[in-house]
Each structure stands twice: as C-alpha cells, then as structure tokens.
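Worksheet for the structure shown next.
The values are calculated or read from the model by the stated rules, or taken from the named source; none is laboratory data. Computed from a predicted structure; not experimentally measured. Cβ coordinates were reconstructed from backbone atoms using ideal geometry, including for glycine residues, and neighbour counts include every protein chain displayed. Each accessible area value is taken on the protein alone, full model and side chains, heavy atoms only, with ligands, DNA and RNA left out. Shrake-Rupley method; radii C 1.70, N 1.55, O 1.52, S 1.80 Å.
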Amino acid sequence: MIHFEPDTYRAVHAGESIQLLPKEFVLLRFLYEHAGRSFSREQLLDSVWRLETPGDRTVDDHIYRIRKKLSKWSHLLSVETIRGQGYKLTRIAPKQEASPLLQDEEFAANVNRMMSKYHGLGMGQAMQLLSANRDILRLPGDPFYDVYIHFVRGDFDWLITTDSISLWQKAAYAVFIHANIQFDYKASLYYFERLIAKSDMLTQDWQYDLQINVIFLYIESGMLKKAREQLEAMRHAITDLNSPSFTAIYLLKEMHLELQEGHMDAAELKLQECEALLIRHPMQRERGAFLVSKAFYLYQQGAIRSARKVLDEGIETIRQTHFIPHLLGSLKTTLMYFGTNVRDETYRLKYQLQWNLMAAEYHFKDLLVKTEHVLGRHL
C-alpha cells in the first residue's frame, strides 16, 4: 500500500518516497484511490483541475511525468493508457511469501494492541505508516483497522463506494462524513437519529460514538434541552467505560453546552477537569479538541489575542495527528462559532480559506451527494 503525504506532496512505500508536484500528487492519488477504473481526460480534468482552464495536453503531460517518477515502483502499480477511453491505474498484488508471523496469534494480538494504542493516543500518522508498511513487515490484518484507516486518512469516497464492508458500517461512516463536510446540522441530526434508532446492528463502540457525537448536533441545532438529556443519559455509560478518550470528549460536549447556555463558571470547570485528565492521559487528538474548545471560551471572555493563539495551537495540534475527520470537524466548528457567537473577521477568513482548500481536495459537493444517497437508501 502506498501512503500519500499531502503536506509534502510525497508518495511513500516501504521507506522509499517519490516527490511529486502538487497536481501530479492529486492526480496520482485520485487514480490510486480509484484503481481499476478507467477515466477519460475530461473526467480527470474535472476531478483534478476544477475551476481551472488547463491546456489540451495537461493530463497527458502529467501522466508522462508520473510514469517516469513511478518507474522504480513498476512492481507495485502501473498507469495504463486505455485506447479510446483515457487512463487507468492498476495495482499489482505483491507476491506473498509464507511468513510464520501470520500464523502467530500472540504476535497478531500485539500488533492489534499497538494499533489500538496509536488510535487511543490520537497518533494518526503512526497508524497510517503501520498500515502502509504491513506487507513489508508481514503484519497480520485486522478487520476493523483495515477499514478505519481509510477514514483516518480521508479516503471518504472509498468508504462510501466500497463493497468490502457491510451496509451498516457504510452507513455509520457516512453519517460522520456527512456531519463533517457541511453546515446543515439538522440534516445531519436527522441521519444520526435514524441510525441510532437502528444501532443494535452496530458494535457497542459505534453506538457510543453515535450517541456522544449527536450531542453536539443537538447543541448546534438549538436543542439545548435535548442535548442535556442526552448528556445525562450517557453519564453512567461513560463512567463505566473508563475510557480517557471518551471521557475527554464527553467533558468537552458538556463544556460546549454550558458555554451555549451562558454558564461561564461551569464551562471553565469542565475545561479544568478535561485539562487535568489530559495531563494524566496525554492524547494528542483530544488535546487539540480541548484547545479549540478553550479558545471558544476565551473568545466569550473577550480575550481575543489569547483566544487566537490557543485556537491556532489547537488546530495545528489536530493537524499533526493526521486524523482528517477530526481536522475537518474542528475547522467546521470554528467557522460555525465565528458565524454565531463572536466576530473575528480576520480569523474567520483565515480558517475559511483552510476549509475551502480541504473542500476542493476532498470534493465535498460530490461527496455530499454520495453520502446522502447511501443514507437515504439504507436509513
């Protein structure tokens, strides 16, 4: 599996990397994520060069350069010309050598614990690197993480279109994707509530994820009483779970509700409780979410300069985790907050630009149509 690094425009496999230009990177990743499908030049132009007016040979020139750079990985993939149609990327399955590690149950359990530890600490890049080098390291697969890693790195289209997961898993991923890429909270809430009503088809972890994240949708939809009821309904379950990650998320939901209701002292106490938890259990992803929440509190207090500093630190902390859904969620929440609670036009424009770049990179408009199609069909 090839790992793509959008910050540096590099494709990485087994410790080797290929440096690409920005459009080469987007084109190669698009073809790789849709391996086996042929695309016309017009389709590739529409997917990679949106809102631009490239020349007639733009796609051909980029394919030529990509092929040259991929020559050392000819055993992994090829970009083929499909006569009369366009181009197609084909992944070449590596020759599997017998490995005693694949039959070692203790080793498999240890690998799963390592992936779970990275997940719990919010170390998305480590998860991606471990997954990307699984074949080289002869690591056994895991049904959950083999799929979840696509969510972490933002392979949203794959999750929505793949036939390799159950319809209920697809619906669960789809509701979270839908909630992260658009600002109609009530539309996302509708799908969340319908899936929660049928959540007995999902694992308990999925059920907890749905029930705790629907709280924020209630808050942003102005349904504060409903949010409070949901918080109280989950309180004992969160305590029994004894999960630092779920506890931190729960505390931040409580903080947002207190803030929305104007209870500044109560909001501050929830922040302090969460900060103490993160000192005992340093989780990078949750720390980023904590800092973003603290920034909102500081804005409400009128401490604009401090709020900006903390907000920047929070967003950058989440960015460094390489958990794409969490970065999108934090950017969306930030923009929502600037639109409803405080005025800071300079920072609103700053983060609107970041949102717009991600919207173009992940094709939000097309993705929204696909998620609503999946959810409308299954729920």
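Things to note:
- Among the candidates L259, L251, residue that is closer than 21 Å to P325 by Cα, open to solvent by less than 20 Å² (accessible area, probe 1.4 Å) and either touching a residue at least 40 places away in the same chain (Cβ under 8 Å) or not acidic (D, E) (or both): L251
- Unique match (being under 21 Å from Y299 (Cα atoms), of a type in the set (V, I, T) and open to solvent by less than 20 Å² (accessible area, probe 1.4 Å)) among T371, T346, T334: T334
- Unique match (being touching a residue at least 12 places away in the same chain (Cβ under 8 Å) and under 21 Å from the mean Cα position of the chain (by Cα)) among L28, L44: L28
- Within the stretch 271-293, the residues that satisfy the criterion of being modelled with pLDDT of 95 or more and among the aliphatic types (A, V, I, L, M) are L271, A276, L277, L278, I279, A289, L291, V292.
- Residue that is modelled with the lowest pLDDT, among those in the stretch 54-70 that are open to solvent by less than 80 Å² (accessible area, probe 1.4 Å) and over 31 Å from the mean Cα position of the chain (by Cα): G55
- Whichever residue in the stretch 359-368 is open to solvent by 20 Å² or more (accessible area, probe 1.4 Å) and among the hydrophobic types (A, V, I, L, M, F, W, C) and, among such residues, is farthest from I215 (Cα to Cα): A360
- Close pairs (7 angstrom Cβ cut-off, 6 or more residues apart or separate chains): more than 13 Å from Y145 (Cα to Cα) in the stretch 117-130, not in a helix (DSSP H, G or I) anywhere: L121/M283; G122/M283; G122/F323; Q125/H322
- Per-region count, the stretch 228-248, residues among the small types (G, A, S) and either open to solvent by 40 Å² or more (accessible area, probe 1.4 Å) or at positive phi (or both): 1
- Just one of the listed residues (K309, K332, K365, K370) is without any contact (Cβ under 8 Å) to a residue 40 or more places away in the chain and within 22 Å of the chain's Cα centre (by Cα), and it is K365.
- For the stretch 310-328, the criterion of being under 30 Å from M201 (Cα atoms) and surrounded by fewer than 16 Cβ atoms within 10 Å (Cβ to Cβ) is met by none of the residues.
- Of the residues making up the stretch 188-215, those that are touching a residue at least 60 places away in the same chain (Cβ under 8 Å) and surrounded by fewer than 22 Cβ atoms within 10 Å (Cβ to Cβ) number 2.
- Among residues of the stretch 72-92 that are without any contact (Cβ under 8 Å) to a residue 60 or more places away in the chain, those with a beta-carbon under 6 Å from a residue that is of a type in the set (K, R) at least six positions away or on a different chain give the pairs V79/R67; E80/K88; I82/K88; G86/R41.
- Taking the stretch 242-327 as the region of interest, the helices (runs of 4 or more DSSP H) fully inside it that hold 3 or more residues being under 24 Å from L129 (Cβ atoms) are 284-300, 304-321.
- Of residues in the stretch 71-94 being farther than 14 Å from L31 by Cβ and hydroxyl-bearing (S, T, Y), the one surrounded by the most Cβ atoms within 10 Å (Cβ to Cβ): S74
- For the stretch 335-362, a residue qualifies if it is aromatic (F, W, Y), in contact with an Asp or Glu (Cβ under 9 Å, 6 or more places away or on another chain) and in contact (Cβ under 8 Å) with a residue 24 or more places away in the chain, and the qualifying residues are Y347, Y362.
- Filtered by the rule that a residue be open to solvent by 50 Å² or more (accessible area, probe 1.4 Å), outside any helix (DSSP H, G or I) and aliphatic (A, V, I, L, M), the stretch 22-53 gives a lone residue, L51.
- Scanning the stretch 148-186 for residues that are open to solvent by 20 Å² or more (accessible area, probe 1.4 Å), in contact (Cβ under 8 Å) with a residue 12 or more places away in the chain and either among the small types (G, A, S) or touching a Gly at 6+ places or on another chain (Cβ under 8 Å) (or both) yields R153, S164, N180.
- The criterion of being at negative phi, in a helix (DSSP H, G or I), touching a helix residue (DSSP H, G or I) at 6+ places or on another chain (Cβ under 7 Å) and at pLDDT 95 or above does not hold for Y337.
- Matching entry among L129, L139 (being modelled with pLDDT under 80 and under 18 Å from the mean Cα position of the chain (by Cα)): L129
- Subset of the stretch 284-306 (residues that are touching a residue at least 60 places away in the same chain (Cβ under 8 Å), of a type outside the set (K, R) and open to solvent by 10 Å² or more (accessible area, probe 1.4 Å)): Q284
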